[in-house]
Amino acid sequence: MDARLLEILVCPICKGPLDYLKDQQVLVCKADRLAYPIRDGIPVMLEDEARAMSAEEVDALR
Ligand SMILES: [Zn+2]
């Protein structure tokens, strides 16, 4: 995914920064524990489409 695009993307809920997980093709908001999918290179920044992550999953990213 485009690094510049990643820099301007924020969580639509809390407006916080996102972590890009290349292997899972998701953008993670640690604050909300949500993983937004990237489909065909396009980040889907919708709460309804995001996967809820467990606290353990988020902790593993720190
Ligand atoms: Zn957030």
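Rule-based calculations on the coordinates, nothing more; no lab input. In this text the structure is predicted, and so the values were computed from the model without any measurement. Heads up, the Cβs are rebuilt from the backbone with ideal geometry, glycines too, and the neighbour counts pull from every protein chain shown.
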Among the residues in segment 27-37, are any touching a residue at least 12 places away in the same chain (Cβ under 8 Å) and over 11 Å from the mean Cα position of the chain (by Cα)? no
Every residue in segment 1-36 that is touching a helix residue (DSSP H, G or I) at 6+ places or on another chain (Cβ under 6 Å) and away from the ligand (no atom under 11 Å from the Cβ), please. Y20
In segment 1-20, what count of residues is obtained for those that are under 14 Å from L61 (Cα atoms) and within 8 Å of the chain's Cα centre (by Cα)? 3
Heads up, the strands (runs of 3 or more DSSP E) in the chain (entirely inside) with at least 2 residues that are surrounded by fewer than 18 Cβ atoms within 10 Å (Cβ to Cβ) are 19-21, 34-39
